[in-house]
1. Would you check if residue 34 is more than 18 Å from residue 188 (Cβ to Cβ) and either among the hydrophobic types (A, V, I, L, M, F, W, C) or at pLDDT 80 or above (or both)?
2. Given (1) of a type in the set (A, V, I, L, M, F, W, C); (2) in contact with a Phe, Trp or Tyr (Cβ under 7 Å, 6 or more places away or on another chain); (3) surrounded by fewer than 20 Cβ atoms within 10 Å (Cβ to Cβ); (4) within 15 Å of residue 29 (Cβ to Cβ), identify the lone condition not met by residue 166.
3. Scanning region 1-27 for residues that are under 16 Å from residue 39 (Cα atoms) and among the aliphatic types (A, V, I, L, M), which turns out modelled with the lowest pLDDT?
4. Please pick out the residue among 161, 107 that is surrounded by fewer than 13 Cβ atoms within 10 Å (Cβ to Cβ) and in contact with a Leu (Cβ under 8 Å, 6 or more places away or on another chain).
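The values are calculated or read from the model by the stated rules, or taken from the named source; none is laboratory data. Keep in mind the model is a prediction, meaning the values are calculated, not measured. We place every Cβ from the backbone using ideal geometry, glycine too, and count neighbours over all the protein chains shown.
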Amino acid sequence: MNDEFITDTIQQDQRYQALLLDYAAGSLPRGPALVVSAHLALQPQAREFTRTFDAAGGILLDAIEPVDIAQPTWLAAEVGQDYSNHALREIDDMTHVLSSLDQGRWRRNLAGMLMMPLPGSDAELLKLEAGRKVPEHGHAGLEVTLVLSGALDDGNQVYRRGDLLVHDEDSEHQPGAAKGGDCICLIAQTGPIHLKGPLGWLINRFN
């Protein structure tokens, strides 16, 4: 086990935990929140991890002295909704993702990747043919990738169905589908990616 693998594993774990914490706090943008929600629908262990964050947040809130405040009008229309329970949202989000997969409307972008936007979600589906790699790239924001089928090789680690991959401004990578079959992922980004190399320079001009 080399130092690069250990460093990448630690950084990936740190980014992953920070992402789940932001999700539990309700502070993630819509796209990444959808990806995390689908991840939780597929990974029971991740759900337990998130519930721990929820419980810790509840303890902190209980320690705060209550203060009477006026109820905003937008909240009055949604009385009765349980915002502490993510279960129904996870099921609904996963259903939305899977129903979009059935449509099969893939489009190849300038970088040669097959993409399918999910309307109203700020997320999209990515399909990599067996053995194909995404161009090497960095990020101008957060990139959250959930493997739905197949296997995604991110250099030092291989991610399979239900696994979540998190990258940010401090990371660069070139993930690819394993040779055994196609890989389909759900992906959301909070900023454009920056492709490397001569082709990347040309494509980046259109981002």
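1. no
2. Just one mismatch for residue 166, condition (3).
3. Restricting to residues being under 16 Å from residue 39 (Cα atoms) and among the aliphatic types (A, V, I, L, M), the top hit is 24.
4. Going through 161, 107 in turn, just one is surrounded by fewer than 13 Cβ atoms within 10 Å (Cβ to Cβ) and in contact with a Leu (Cβ under 8 Å, 6 or more places away or on another chain): 107.
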